[in-house]
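Just so it is clear, none of the values below were taken in a lab; they were calculated from the coordinates. Please read these numbers as outputs of a predicted model, since none were measured by experiment. Please note: Cβ atoms are built from the backbone with ideal geometry, for glycine as well, and neighbour counts cover all protein chains shown.
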Amino acid sequence: MSPPLARPFPRFISDSAQESRPYGRWEERLGEAFAAACGDLAGDAGTTLDAEATRFFPERTWGGRTYVPAVGRGHDEVDGVVPEFFGHVSFKRDDAEEPTDMNAVADFTDVTAADNPDWEVDLNDDVIGDWRADGVRGGEVTLIWGTPLVRGALAVTAELDGEVLDQAGINDGRFTLMAVDAVHGFGDEDMYLEIKLWNRKLQEIASESLYADEGDAEPETDPEV
């Protein structure tokens, strides 16, 4: 018998990936949706997506929608840097029927792993919903995907103040997580996720916070496809 929890954070809120990544005609369909979303950003990014270089990450499902993250570089250099596009394609999947209500979201950055050799993990994240607890407590349901940049990474966890909220194996050098981030109301300060990489001996080999500085730009409105 256990007493009530003082911090009832939701854990393992999403379905695990059923496929490591898409392939065949389904990969093409997802790629077309992602490329269309990236195309809307070409003017601001200064380049277009190199669709052939798009990499998809393991899917995760939450709230009746499946999310497939993606990353792809631009075709051209802009001020000496090749911008990187990132985002995800989401859809509804009822039983064995064709996916419906497909929506693609994309953004871009000129701060990339290629220009930061000291990085240990290359992370992307996007808020896809809200978590509401009692009173004013709550947080942001966040999709996280990335690539380990250190050798020996076998698994990854998303931790909030030392508590594991999600975990996944690393497949083909890629991973996807989903957990509540920016949690407020459980103390004087907001709490942010820490992403940790683990080797086969269950030793922590790298970590990265999802904390965003207040000066960071707000994300643009999600385009629909």
For the range 1-74, which GluC sites (Glu not before Pro) are both in a DSSP coil and crowded by at most 14 other Cβ atoms within 10 Å? 19
Charge dipole (the chain, unit charges on Cβ, about Cα centre) - positive-most of 16, 128, 68: 16
In deg cm²/dmol and to the nearest 500, what is the mean residue ellipticity at 222 nm of the chain if only DSSP H runs of at least 4 residues count, each as -39500 (n - 2.57), divided by the residue total? -2500 deg cm²/dmol
Under 13 Å from a point placed 7 Å out from the Cα of residue 150 along the Cα-to-Cβ direction: which residues of the range 175-195 have their backbone N that close? 195
So which chymotrypsin sites (Phe, Trp or Tyr not before Pro) in the range 1-80 pass both tests, a DSSP loop state and at most 15 other Cβ atoms within 10 Å of the Cβ? 12, 23
With axes computed from alpha carbons, what is the tilt in degrees of helix 24-39 against the longest principal axis of the chain, rounded to the nearest 10 within 0 to 90? 90
Among rounded, prolate and oblate, which fits the range 142-194 when a ≥ b ≥ c are the square roots of the eigenvalues of its C-alpha gyration tensor, a/c under 1.5 means rounded, and a/b larger than b/c means prolate? prolate
Estimated inter-spin distance, residue 199 and residue 29, nm [label 7 Å along Cα→Cβ]: 4.2
Treating only the Cβ atoms of Lys and Arg (+1) and Asp and Glu (-1) as charged, compute the dipole magnitude of the chain about its Cα centre; round to the nearest 20 debye. 1240
Calculate the dipole size of the range 18-71 relative to its Cα centre from +1 charges on Lys and Arg beta carbons and -1 charges on Asp and Glu beta carbons; express the result in debye to the nearest 20. 280
Going by the alpha-carbon gyration tensor, a ≥ b ≥ c the square roots of its eigenvalues, is the range 23-149 rounded (a/c under 1.5) or, if a/c is not under 1.5, prolate (a/b greater than b/c) versus oblate? oblate
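For the chain, what does the relative contact order come out to in percent, with C-alpha contacts under 8 Å and a separation of six or more?
Computed value for the chain: 17 percent relative contact order.
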